[in-house]
1. So, in segment 473-520, exactly how many residues are without any contact (Cβ under 8 Å) to a residue 40 or more places away in the chain and either open to solvent by less than 20 Å² (accessible area, probe 1.4 Å) or within 19 Å of Phe359 (Cβ to Cβ) (or both)?
2. Quick one: in segment 539-560, of everything that is buried (at least 18 other Cβ atoms within 10 Å of the Cβ) and at pLDDT below 75, which residue is farthest from Ala315 (Cα to Cα)?
3. Checking the structure you have, find out if any residue of segment 44-52 is closer than 28 Å to Ser438 by Cβ and at pLDDT 85 or above.
4. With the requirement that a residue be outside any helix (DSSP H, G or I) and among the basic types (Lys, Arg), what does segment 62-99 give you?
5. Would you be able to tell me the number of residues in segment 212-237 that are part of a helix (DSSP H, G or I) and buried (at least 20 other Cβ atoms within 10 Å of the Cβ)?
6. Quick one: Ser423 ticks every box in (1) surrounded by 16 or more Cβ atoms within 10 Å (Cβ to Cβ); (2) in contact with a Pro (Cβ under 7 Å, 6 or more places away or on another chain); (3) closer than 30 Å to Leu231 by Cα bar one, so which box is it?
7. Scan Ala32, Ala6 and give me the residue that is out of contact with any helix residue (DSSP H, G or I) (no Cβ under 6 Å at 6 or more places or on another chain), open to solvent by less than 90 Å² (accessible area, probe 1.4 Å) and at pLDDT below 85.
Amino acid sequence: MPKLSARGSSQPVWLLPVVVIAVFLLSGLPLARLLYAGLRFTLEGKTTGLFAEPATWAAIRNTLTTSVGGMVISVLLGAAFAFVVTLTDFRGKGFFSFAFVLPMMIPPQVTALAWVQMSGPASPLLKTLGIAPPLGSPQPLYSLGGIALLLGVQHAPLVFLALKAGLASLPRDGVEAARLAGASPLRVFRDIILPLAMPSLIAGAAIAFVSGVGNFGIPAILGIPASIFVLPTLIYSRLSSFGAGTFAEMAQLSMVIAMIAGLGLTVQQWVLKGRDYRIIGLSGKNAAFSLGPFRILTEGAFCAILFFVLVAPLAALIASSLVPAYGVPLNFQTMSLGAYREILFRQSVTVTAFANSLFLAGTTACGLLLTTVLTAYLLARRPGKLANIIAGLIEIPYALPGIVLAVAFILLFAAPLPLLNVSIYGTIWIILIAYFSSFFAVSLKPVASAFLQVDPSLEEAARLSGAGFLRRMRDILVPLIAPAAGASVVLVFLIACSELTVSALLWTAGTQTLGVAIFNLDDSGSSDLASALSVVVVVMVILLMLVLELLAKRLPKGVLPWRN
C-alpha cells in the first residue's frame, strides 16, 4: 500500500509545487537574504568598524558567559528533575512535570520581571514580609550572574524534556538484570542509566546553550539597566540608534549569533562522535527505583525548588501589580486594581497591544494550519530526500535565534516589494509573515504526527471508490487529525501571543505586541502596569495549557511537551 502512495497517484499535481513555494517563501528566501547580506558586507570590507569596537567583543564575551552559565544551571536543574521524576517512585509526576515546564511557556521578559520584583530592596513582596534589603542595596540580578541564573531557570525544562524522553526508552531488561545480579541502585545508575542517557543529556545541554545565545527578553530586562549588552540586545540598541551602517552591522552581528549557535551544535556532535549508544531490549517504565525513606525528603526538596523558581516570582509579580508604585509594600491600604483597569481599559498602548497580539497569534495559528495540513500530508505520503530537505528548511527558522530571524525579514522587506512597489516594512504585516516563518515548525509537528498514525489504506480505499483529493481530505483525513490540528492552533497561539524577540525589532508605533508593551512599560518605569500586564499574560498561558491538557487523551504521543 505505501507503494501506491509513493507513486503520487493519490496526490494532486499541484500539491508539491504549492508546498515547495510556501516553504521557500517562509524559510528559504529570508535565510538566503540574510546570508547574502552578511557575505556581501563582509566582502565589501564593512566589518572593520564593527569588530574594532570594544563593545562588540564585550557583547560576544557576555553572550558566551551567560549562555554557558545558563546551560550549566539548566543541566543541573533539568537533569535532577528528569532523573527523579522518570526513574523513581516520586509521587505527583504529572503535576510536577506540568509545573516544571511552565517557566518555559512563560515569556522570558515576564520571568525576568517577576524575579526583579521578587528580589532587591524595593520588592513589594519582600517589603510586605519585612525582609527587604536596605534601601540603596544593589539589585543582584542586574549582572552577568543574574542573567545566567534566569537563563538557566528558563531553559531547564528543555533539558528536562530531552532527558525525560531519552530515559523513557531505556531497556528495562538490562536494568532488571543488573539489579537481579546484586548491583546497587547507585551502580545501576552510574554504569547503565547514565551512559545510555548521555546523548539526551548532551542534546538538552546544546539546546539550552543555543536558546541562551538567542534569548532577548532576559538580557533586555536585566542587562540594559546595568549597561550589560549581549549580542541580541546589542542588535536592538543599534537598530534604536539607526545610522548609515545599521543594516550592515545587524547582518554581521546576526551572522555571529548564528555562528555561535552553530558552534554549540557542532560541539554536541563532536562529543557524541565515535560513540555507540544503540539500545537493545524492551523499553518501559519498570526502570524505577524506590526512594524509600528519602521520598518525602526528595518531594519536599523539589517543592522548595518549584516554590523559588515559580511560585515566589509569580507571587511577587502579583504583589507588584496590586500596589500603586514599585517599592510600596502591599497591605489593605495600598492594595488596588487600578493597574489592571489601566492596562485593560484606559491605556491605548496596552489595548492596542492586546488587539495586535490576539490578531497576530490568531491569524498565525489559523493561517498556518492550511499550509501545515498540506505539508504534513505531503511529508507523510511522500517520504524521501526531498521530504527531508523540506522538513529541514521548516525547522531552521524556529531553531535560529528570533533576533536573527527578525534581522533577516528586515533585510528582506526594507525596500518596497518588486513589481508592486509597496513596502510592508514598519507595518504589522511584516511581523505576521515573520511569525508564519518562525512558528511553521511548531504548527507542523502535531499535524505531522497525526498523519503518520493514519493508515494509508483508508485513503486508498476511498480513492479507489472514486473520491477525489479534497473529498478524501474532508471526509476521512481531516476528522482523524482534527484533535492534533486543534492542538497545533492552541500551541502556536500560546507561543505567539506573548512573543517578544522577533517583534522587538519589527514593531513600530501602533504595531506593538504584548511582549513589546511589557518591555516598554518596565523600561519607562511603570512597573505596576508591566506587572499587571504580565499577570494577565501568565493567566492566559496557564488557561491555554489547561485547554491542551483537556485535549491530551485525543492527541498523538509527544505533541504536548510536558507529557510523555
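The values are calculated or read from the model by the stated rules, or taken from the named source; none is laboratory data. Bear in mind the structure is a predicted one, so any value in this text is a computation, not a measurement. Here the Cβ is made from the backbone with ideal geometry for all residues, glycine too, and neighbour counts use every protein chain on show. Heavy atoms of the whole protein, side chains included, go into the accessibility calculation; ligands, DNA and RNA do not. Shrake-Rupley method; radii C 1.70, N 1.55, O 1.52, S 1.80 Å.
1. So in segment 473-520, the residues without any contact (Cβ under 8 Å) to a residue 40 or more places away in the chain come out as 474-476, 479-480, 482, 509.
Now narrow it down to the ones that are either open to solvent by less than 20 Å² (accessible area, probe 1.4 Å) or within 19 Å of Phe359 (Cβ to Cβ) (or both): 509.
Residues meeting the conditions: 1.
2. Ranking the candidates gives Pro556 first.
3. no
4. Applying the first criterion (outside any helix (DSSP H, G or I)) to segment 62-99 yields 88-92.
Once the filter is applied, which keeps residues that are outside any helix (DSSP H, G or I) and among the basic types (Lys, Arg), segment 62-99 yields only Arg91.
5. Here is the first cut: in segment 212-237, the ones part of a helix (DSSP H, G or I) are 212-214, 217-226, 231-237.
Subset that is buried (at least 20 other Cβ atoms within 10 Å of the Cβ): 212-214, 217-223, 231-236.
Residues in segment 212-237 being part of a helix (DSSP H, G or I) and buried (at least 20 other Cβ atoms within 10 Å of the Cβ): 16 in total.
6. If we test Ser423 against (1) surrounded by 16 or more Cβ atoms within 10 Å (Cβ to Cβ); (2) in contact with a Pro (Cβ under 7 Å, 6 or more places away or on another chain); (3) closer than 30 Å to Leu231 by Cα, just (1) comes out false.
7. Numbers: Ala32 fails: at pLDDT below 85.
Selected residue: Ala6, the only one of Ala32, Ala6 that is out of contact with any helix residue (DSSP H, G or I) (no Cβ under 6 Å at 6 or more places or on another chain), open to solvent by less than 90 Å² (accessible area, probe 1.4 Å) and at pLDDT below 85.
Residue by residue, here is whether (1) acidic (Asp, Glu); (2) in contact with a helix residue (DSSP H, G or I) (Cβ under 7 Å, 6 or more places away or on another chain); (3) touching a residue at least 40 places away in the same chain (Cβ under 8 Å) holds:
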{"site": "Ala408", "(1), (2), (3)": "no, yes, yes"}
{"site": "Phe413", "(1), (2), (3)": "no, yes, no"}
{"site": "Val442", "(1), (2), (3)": "no, yes, yes"}
{"site": "Ala450", "(1), (2), (3)": "no, yes, yes"}
{"site": "Asp455", "(1), (2), (3)": "yes, no, no"}
